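Worksheet for the structure shown next.
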Amino acid sequence: MNKYTYVDLFSGAGGFSLGFEQENFKNVFSNDYDEQFCKTYTHNFPQHILINEDIAKISANKIKSLANNNKIDVVIGGPPCQGFSIAGNIGRKFTDDPRNHLFKEFARVVKILKPTVFVMENVARLYTHNKGVTRDEIISTFNKIGYKVEASVLDSSEFGVPQVRNRVFFIGVKDDRLIKFPSKNSERKTVEMAISKYPKLKSGGKSKVPNHNAMNHTPQMLNKMEYVSEYGNRDEIPKKYRPTSGDVRKYIRYKKREPSITVTGDMRKVFHYSQNRALTVRELAAIQTFPDNFIFQGNSISQQMQVGNAVPPMLARHIAKAVRQMLNG
């Protein structure tokens with residue numbers, strides 16, 4: 001099997017990298033800015049070169065030297081894109097918003113390294129935002145540097161991940177080969193299948209399983225939890241205790257025989273299907289399809305963010321398989 005090379009930008013804890021590693025791709029280097037995310041990445045990929053630095057401050061010469069004359073087959077990554085608000089207003093473009101400078105940095109590195117393929121992940125909203133103009137603008141940016149690009153929204157629950165998670169993936173190629181997205185897996189995995197194996201915990205409970213420690217809930221929060229059934233929501237909480245504002249997706253329980261709702265960086269108010277507590281970092285990581293030997297570093301808030309921000313490794317692996325087929329021609 002050809003050992004194709006890849007570079008992972010905005011690598012976070014390493015979900016995207018893990019999927020490509022599992023498909024026998026070889027990492028050339030990775031980059032992320034967040035120190036605690038980088039601790040996790042380095043712990044789990046000690047053999048990788050990781051540049052913990054603001055990507056905008058990494059010069060073209062340094063990027064080329066990091067590639068070390070290797071042909072880069074794939075560049076992967078999910079640059080944060082937050083500036084949806086002004087795109088489309090008075091003729092402004094998505095790329096005009098300074099909050100989207102990291103997308104431009106991703107494109108800059110692709111232009112420097114000239115990989116055969118790139119894969120860029122982002123929130124699903126990017127696909128339809130501003131009636132598709134934003135998506136077309138992103139595609140046009142890569143067209144100008146010589147890439148044919150297609151975009152598709154993928155739901156991770158259709159690829160063996162026990163979680164409904166919609167994300168847009170842009171795949172670009174430098175020549176006339178066909179762009180291929182991964183094939184769906186018909187078997188839907190459930191929350192119970194992912195997390196029932198872990199030791200039971202009470203609020204504040206600890207275990208010997210790495211990252212499987214329950215947060216310490218307040219008595220008021222535990223009281224609210226008591227009223228919420230597995231298929232219920234905040235409406236089951238008596239009015240005198242019920243929260244009147246905040247995200248309607250909170251104060252619910254996971255449904256054990258269904259895929260999870262989207263895992264984000266803050267799942268403190270979504271409760272275990274049968275235990276009165278939020279899920280642990282280990283359980284959230286299992287829903288994201290990280291194996292138990294993948295250990296998260298840093299404080300507990302950072303660990304939740306690392307899990308929530310990651311591309312599910314199982315989905316990443318399916319994408320890597322599709323990319324391999326593209327590279328094989």
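Just so it is clear, none of the values below were taken in a lab; they were calculated from the coordinates. Predicted, not measured: the structure shown is a model, and the values here were computed from it. Methodologically, a virtual Cβ is constructed for each residue, glycine included, from the backbone with ideal geometry; neighbour enumeration extends over all protein chains shown.
Net charge in the neighbourhood of Leu50 (other residues with Cβ under 12 Å of its Cβ; Lys, Arg +1, Asp, Glu -1) is -4.
Which FRET efficiency value, to the nearest 0.05, is calculated for Lys148 and Ser196 with the Förster distance at 35 angstrom and r the Cβ-Cβ distance? With R0 = 35 Å, the Cβ-Cβ based efficiency is 0.20. When Arg108, Arg282, Arg317 are sorted by how many other C-beta atoms sit within 10 angstrom of their C-beta, beginning with the fewest, the order is Arg108, Arg317, Arg282. Under 5 Å between amide hydrogens, built in the peptide plane, is the criterion, and for Arg277 it picks out His272 among residues at least 5 positions away or on other chains. In this label model, Lys114 and Asn299 are separated by 4.6 nm, measuring between points 7 Å along each Cα→Cβ vector.
Annotation: amide H-H contacts under 5 Å for Lys26 (H modelled 1.01 Å from N, sequence separation of 5 or more, or interchain): Tyr4, Thr5, Tyr6.
Rounded to the nearest 0.05, what FRET efficiency do Lys255 and Asn223 have when you use their Cβ-Cβ distance and R0 = 30 Å?
Here the calculated transfer efficiency is 0.85.
You can think of it this way: the chain between Val209 and Ala124 has 27.2 nm of extra reach, that is 0.36 nm per residue less the Cα-Cα gap. Straight Cα distances below 20 angstrom link Lys269 to the aspartates and glutamates Glu192, Glu226, Glu230, Asp235, Glu236, Asp247, Glu258, Glu283, with same-chain residues fewer than 8 positions distant left out. If you plug the beta carbon distance of Ser140 and Asn216 into 1/(1 + (r/R0)^6) with R0 = 41 Å, you get a FRET efficiency near 0.25.
As a proxy for reagent exposure, Glu21, Glu258 were ordered by neighbouring Cβ count within 10 angstrom, fewest first; the result is Glu258, Glu21. A simple packing score, the average count of other Cβ atoms within 10 Å per residue, orders the peptides 218-231, 37-50 as 37-50, 218-231, with the highest score first.
Most fluctuating residue of Arg253, Arg268, Arg242 in a GNM of the chain with Cα springs under 10 Å: which is it? In this elastic network of the chain, the residue with the biggest mean-square fluctuation among Arg253, Arg268, Arg242 is Arg242.
Once the mean of 1/r is taken over each pair of separate Cα atoms and inverted, the chain shows a Kirkwood hydrodynamic radius of 20.9 Å.
Annotation for Asn69 and Asp235: the two label points, set 7 Å from Cα along the Cα-Cβ direction, are 6.8 nm apart.
Among Ile179, Ile72, the order by Cβ neighbours within 10 angstrom, fewest to most, reads Ile179, Ile72. Every helix of 4 or more DSSP H residues in the chain counts as -39500 (n - 2.57), and over all residues that averages to -8500 deg cm²/dmol at 222 nm.
Candidate cross-link partners of Lys144 among the aspartates and glutamates, defined by an alpha-carbon separation under 17 Å and a same-chain spacing of 8 or more, comprise Asp96, Glu105, Asp136, Asp175, Asp176.
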